[in-house]
Amino acid sequence: MIFKFLSFLMIAACTQDYGVINSNEIIVTETVVEEVEVEVEVPVYVEVEVPVNEGVIWVDSFTQVMEIQGIDILWVVDRSGSMNKYDAELLAGLEAMLLALPTSDWRLVIINADPDRAVVNNQFPLVPGDTIADAEDMLTMIGSGFYEQGFNSVYEYIVLNPYSSTWMRPEAGLLVVFVSDEEEQSDIEYPNVSDFLGWYRTQKMGSVFMASIVTHSAETSVCTSSPNPRDEGKRYMEATTALGGVVIDICDTDWSPGVTDATNSLDPYESITLTHEAEADSIRVFIDGALNHDWYYESSTNTVHFTVIPTSGQLVEVGYRYIEQDTGDTGL
């Protein structure tokens, strides 16, 4: 913005000049000072608040799974005293999940949800051809447990138990299935569910999956008796949902989806359905932090499709703006 100001410019100084005509005559002349008003353009910068589009910025992300060969499975079973009443469901569920596994290229170990037990478990994995009787024997061998710390048990078995590296394959995917009638209690090692997920997602180049067979709330439970609210497996369910896995009621008669969903989800991501309905012109895609343009947005399904599929291990982040829906006060 330009503002005009008046300024005064001195045309000449108030001085006298002398001119010599000859040796006997001196002419004295006087310069007259005149003040003249002159317009001068002076640039002035003024801060103006510019309105921006309203909305909330959200980022959806995933780490591209790697090309995997087979799947390694950890069944993490709560063997505390309260689980005794679910022995029939546990054995039936164990059989259903074994029958749901593919016919080849899997390995399975059952560990205790008590990390003190998990860290010393050295049982050889079940493989294709093993029977439900073999699985029952393995379940018996893990013994009873005092703690219900599924997250910590997985960490200690994989990181601190040297036997795990003798059968777990770096090129295979990893499926963890939690089975418990009580809430996950690794709250010292993992005060937040995101703390555990932060580590778990780094395993197998991101080719990790999860299922939870846990106690549901009284409103949704299929158990014949109403469960205690404190036993609801909220932390297990939160972690499983964050990974797009299956959550099953511990009293359900069919546990097989906990395996079948994961084993059918081993292909690399070719698209991502956004959490919120995005404003199309606000979408930005970053791969390993670099802006990417190899994608298109399908508004009808609120999905970003990749024209060049991200490679394994790459972090894909999709940021966008969306408008929060104000449901209003119903007065109820």
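The values are calculated or read from the model by the stated rules, or taken from the named source; none is laboratory data. Every value quoted in this text rests on a predicted model; they were computed, and no experiment measured them. Note that each Cβ is placed from the backbone with ideal geometry, even for glycine, and that neighbours are counted across all protein chains shown.
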Within the stretch 256-273, identify whether any single residue is modelled with pLDDT of 95 or more, in the same structural domain as ASN84 (by TED's automatic domain parsing) and in contact with a helix residue (DSSP H, G or I) (Cβ under 7 Å, 6 or more places away or on another chain), and answer yes or no.
no
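Residue-by-condition table, conditions (1) of a type in the set (Gly, Ala, Ser); (2) free of Cβ contacts under 8 Å to residues at least 60 places away in the same chain; (3) surrounded by fewer than 19 Cβ atoms within 10 Å (Cβ to Cβ):
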residue: ALA100; (1), (2), (3): yes, no, yes
residue: GLY129; (1), (2), (3): yes, yes, yes
residue: ILE142; (1), (2), (3): no, no, no
residue: GLU156; (1), (2), (3): no, yes, no
residue: VAL159; (1), (2), (3): no, yes, yes
Out of everything in the stretch 283-308 that is of a type in the set (A, V, I, L, M, F, W, C) and more than 11 Å from SER271 (Cβ to Cβ), what residue ends up being surrounded by the most Cβ atoms within 10 Å (Cβ to Cβ)?
VAL285
Kindly indicate whether GLN123 is free of Cβ contacts under 8 Å to residues at least 24 places away in the same chain and surrounded by 14 or more Cβ atoms within 10 Å (Cβ to Cβ).
yes
Residue in the stretch 47-67 that is modelled with pLDDT of 80 or more, within 30 Å of THR166 (Cβ to Cβ), of a type in the set (Asp, Glu) and surrounded by 10 or more Cβ atoms within 10 Å (Cβ to Cβ) present
no
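Regarding the stretch 279-298, can at least one residue be identified that is modelled with pLDDT under 85, more than 15 Å from the chain's Cα centre (by Cα) and not β-branched (Val, Ile, Thr)?
no
Here is a check on your reading of the model: is PHE178 outside the structural domain of GLY313 (by TED's automatic domain parsing), part of a helix (DSSP H, G or I), of a type in the set (A, V, I, L, M, F, W, C) and closer than 22 Å to SER80 by Cβ? First the steps, then the outcome.
Values: outside the structural domain of GLY313 (by TED's automatic domain parsing): yes; part of a helix (DSSP H, G or I): no; of a type in the set (A, V, I, L, M, F, W, C): yes; closer than 22 Å to SER80 by Cβ: yes.
Considered against the rule, which asks whether it is outside the structural domain of GLY313 (by TED's automatic domain parsing), part of a helix (DSSP H, G or I), of a type in the set (A, V, I, L, M, F, W, C) and closer than 22 Å to SER80 by Cβ, PHE178 comes out as no.
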Any residue in the stretch 146-153 that is among the hydrophobic types (A, V, I, L, M, F, W, C), loosely packed, with under 14 Cβ neighbours inside 10 Å, touching a helix residue (DSSP H, G or I) at 6+ places or on another chain (Cβ under 9 Å) and under 23 Å from SER82 (Cα atoms)?
yes
Of everything in the stretch 195-216 that's more than 27 Å from ASP254 (Cβ to Cβ) and without any contact (Cβ under 8 Å) to a residue 40 or more places away in the chain, which residue is surrounded by the most Cβ atoms within 10 Å (Cβ to Cβ)?
ASP195
Checking the structure you have, find out if any residue of the stretch 281-291 is touching a strand residue (DSSP E or B) at 6+ places or on another chain (Cβ under 6 Å), within 16 Å of PHE62 (Cβ to Cβ), of a type outside the set (A, V, I, L, M, F, W, C) and part of a loop (DSSP other than H, G, I, E, B).
yes
